[in-house]
Amino acid sequence: MIRLQDVHKSFGDTHVLRGVNLELTQGETLVILGRSGTGKSVTLKHIVGLMKPDSGHIFVDGIDVTSASNEQLQTVRQRVAYLFQTGALVNWLSVRDNVALPLAEQRKLSSAEIRERVEESLQSLSMLEAADRMPSQISGGMRKRAALARVLVAQPKAILYDEPTAGLDPVMARTVSHLIRDVQSSGDRMALVVTHDLELAFSVATRIGLHYKGELIELAPPDVFKQSKHPVIRAFLDGQSDLGEEGLNQ
Amino acid sequence: MATLKDTLEARGRDLRESVTNAGFTVSLLLQSLRLFFVDLRHRRRFILDQLAVCGISPLPVVCVVGLFTGMLLALQIGMELSRLGQSEAISNMIGLILFREMGPFMTAMILTASVGSAMAAELGTMRVSEEIDALECMSINTTSFLVMPRIVAMTIMTPLLTFIGCILGCVGGGLVANTQLSVSPAVYTRNLLASLQAEPNQLGPLPEEIYTGLIKAAIFGALIATISCATGLKASGGAIGVGRAVRSAVVRCFLMLIIIGYYISWIFFR
């Protein structure tokens, strides 16, 4: 289970997270919507310990990430995988070597076992034919799939998806959203997706929340969220630029 | 008053940042040294890759610069020596200058500009494009994965390139000595070897001056790789940040090469 408890984070004068609370349980796919640059990714980075909050706590399976030792952090990172917006593949390694990287670095499996798991993972995402290409030789969508293969090969308990459809054409975006749904349907894995893509959100989520001015508004199932009367949510769903601030002021 | 306070605060921040960066660079070097013994077996492939990067790509430049530095030295020093009737002493001076100071320093400058800047750019780009965050998320030790192989490769290749550069410098000096100063190749070579082995040598079969130059070059190599990697890893702010990191890495390397180079010479030749 992943739990964020009253998490605050500021960068200079900008208060990005203002007491974020959320809980993610087994098998759940939680989507955090919000406009670009509002600090959605910052929330994800706190969960894997890439950032430390100014105050508050983050628990992953009972381990407090904010005060975790290096060994505990390693355990957290083996359980929770992060799919970066750009894929973040290592540019000087082939797709196959990129996917093998987390297993090779754990140094627990033999080369044959690693090879087998990598093939499986690439196969499940239809990436076998591009396995020996370099990341610079494949398209954005393929890079995302390769990055997802790298995430899945380590068999994590939870996956954090950072804007998985950003920069993709509608067809590829739909493919990625199907992939996420497939990944989630094949087990009791948790997923936390941050995005501004409504189609993706409503296609994969079991609960949806809106990140607005450093807080999470209305964490609810997709149907309830869609019917919400909250002016900010209404404005976001209707694509208004002022995000319902007029409504809030009234 | 407010302006003075702001200025002092800004200088204080700069100073604190410089001290933090220096501490980070030293800790990176020490961690790499420890990881060399722990992870050497797992990093053989990356070290070999880096040996090729650090050794092969700058080789032509080192050869050309080495050759012409020797020729230039011979021309300038030779003119003065021939005025004093001491033309035959040209090889003594070229050997000492090249192997003691010019060779390691010249090679280090070339490697800073070609390899060090590339290391800072590569790691800086990885930092700003979240590749390093991704490695950390996979519990991969970035010092062992990215930094240690580069430091090892530079520590091995810098002395090797220095040696090649110095030999070509001596050849270039010999060409000028023979064609411009009428010093025969036999006399040039005899004086050159004599100058390089003035005292009994405890270090090995080669002249002592060569060893001291090569030790200096190895230290320079480790220094260039560590500073460049540390600066690249601290890059932030997109393409501009990477550019800033590269510039900063080159400037820091040049400054440290001059300062550390002086103290190494002081230890060996005082």
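Numbers for the structure displayed
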{"read-out": "Qualifying residue in the range B:14-23 (condition: of a type in the set (Ser, Thr, Tyr) and surrounded by 11 or more Cβ atoms within 10 Å (Cβ to Cβ))", "value": "yes"}
{"read-out": "So A:ALA146, is it farther than 18 Å from A:GLY37 by Cα, at pLDDT 90 or above, assigned by TED's automatic domain parsing to the domain that holds A:VAL31 and touching a Pro at 6+ places or on another chain (Cβ under 8 Å)", "value": "no"}
{"read-out": "Residues (open to solvent by less than 60 Å² (accessible area, probe 1.4 Å), not in a helix (DSSP H, G or I) and not small (Gly, Ala, Ser)) located in the range A:173-206", "value": "A:ARG189, A:MET190, A:LEU192, A:VAL193, A:VAL194, A:THR195, A:ASP197"}
{"read-out": "Residues located in the range B:24-41, provided they are within 14 Å of chain A (Cβ to nearest Cβ), surrounded by 12 or more Cβ atoms within 10 Å (Cβ to Cβ) and without any contact (Cβ under 8 Å) to a residue 40 or more places away in the chain", "value": "B:LEU40"}
{"read-out": "Positions within the range A:207-218 being open to solvent by less than 60 Å² (accessible area, probe 1.4 Å) and either free of Cβ contacts under 8 Å to residues at least 40 places away in the same chain or aliphatic (A, V, I, L, M) (or both), in sequence order", "value": "A:ILE208, A:LEU210, A:LEU216, A:ILE217"}
{"read-out": "Pairs, first closer than 19 Å to A:PHE84 by Cα in the range A:178-206, second open to solvent by 60 Å² or more (accessible area, probe 1.4 Å) and basic (Lys, Arg), C-beta under 7 Å, six or more apart", "value": "A:ARG189/A:LYS157; A:MET190/A:LYS157; A:HIS196/A:ARG35; A:VAL204/A:ARG181"}
{"read-out": "Restricting the range A:34-70 to residues that are facing another protein chain (nearest Cβ under 10 Å) and of a type outside the set (A, V, I, L, M), the residue that is nearest to A:PRO164 (Cα to Cα)", "value": "A:SER41"}
{"read-out": "A:ARG133 vs. criteria among the basic types (Lys, Arg), out of contact with any Lys or Arg (no Cβ under 7 Å at 6 or more places or on another chain) and over 26 Å from A:ALA173 (Cβ atoms)", "value": "no"}
{"read-out": "Checklist (1) within 14 Å of another protein chain (Cβ to nearest Cβ); (2) in contact (Cβ under 8 Å) with a residue 40 or more places away in the chain; (3) touching an Asp or Glu at 6+ places or on another chain (Cβ under 8 Å) applied to B:GLY95, failing item", "value": "(1)"}
{"read-out": "Selection count where residues are surrounded by fewer than 20 Cβ atoms within 10 Å (Cβ to Cβ), facing chain B (nearest Cβ under 10 Å) and in contact (Cβ under 8 Å) with a residue 40 or more places away in the chain, scope the range A:75-84", "value": "1"}
{"read-out": "All positions within the range A:93-118 that are loosely packed, with under 14 Cβ neighbours inside 10 Å and facing chain B (nearest Cβ under 10 Å)", "value": "A:ARG107"}
{"read-out": "Which numbered condition A:LEU152 fails, given (1) within 14 Å of chain B (Cβ to nearest Cβ); (2) open to solvent by less than 20 Å² (accessible area, probe 1.4 Å); (3) assigned to a helix (DSSP H, G or I)", "value": "(2)"}
{"read-out": "Some residue of the range B:122-142 being at pLDDT 90 or above, part of a helix (DSSP H, G or I) and away from chain A (no Cβ under 14 Å)", "value": "no"}
{"read-out": "Options B:MET138, B:MET157; residue that is touching a Pro at 6+ places or on another chain (Cβ under 6 Å) and hydrophobic (A, V, I, L, M, F, W, C)", "value": "B:MET138"}
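Yes or no, residue by residue, for (1) surrounded by fewer than 24 Cβ atoms within 10 Å (Cβ to Cβ); (2) in contact (Cβ under 8 Å) with a residue 60 or more places away in the chain:
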{"site": "B:MET157", "(1), (2)": "no, yes"}
{"site": "B:LEU168", "(1), (2)": "yes, yes"}
{"site": "B:GLY173", "(1), (2)": "no, yes"}
{"site": "B:ASN178", "(1), (2)": "yes, no"}
{"site": "B:LEU181", "(1), (2)": "yes, yes"}
{"site": "B:PRO185", "(1), (2)": "yes, no"}
{"site": "B:THR189", "(1), (2)": "yes, yes"}
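The values are calculated or read from the model by the stated rules, or taken from the named source; none is laboratory data. These figures come from a predicted structure and were not determined experimentally. All Cβ positions, glycine included, derive from the backbone under ideal geometry; neighbour counts span all protein chains shown. In case anyone asks, the SASA skips ligands and DNA or RNA and just uses the protein heavy atoms, side chains included. Shrake-Rupley method; radii C 1.70, N 1.55, O 1.52, S 1.80 Å.
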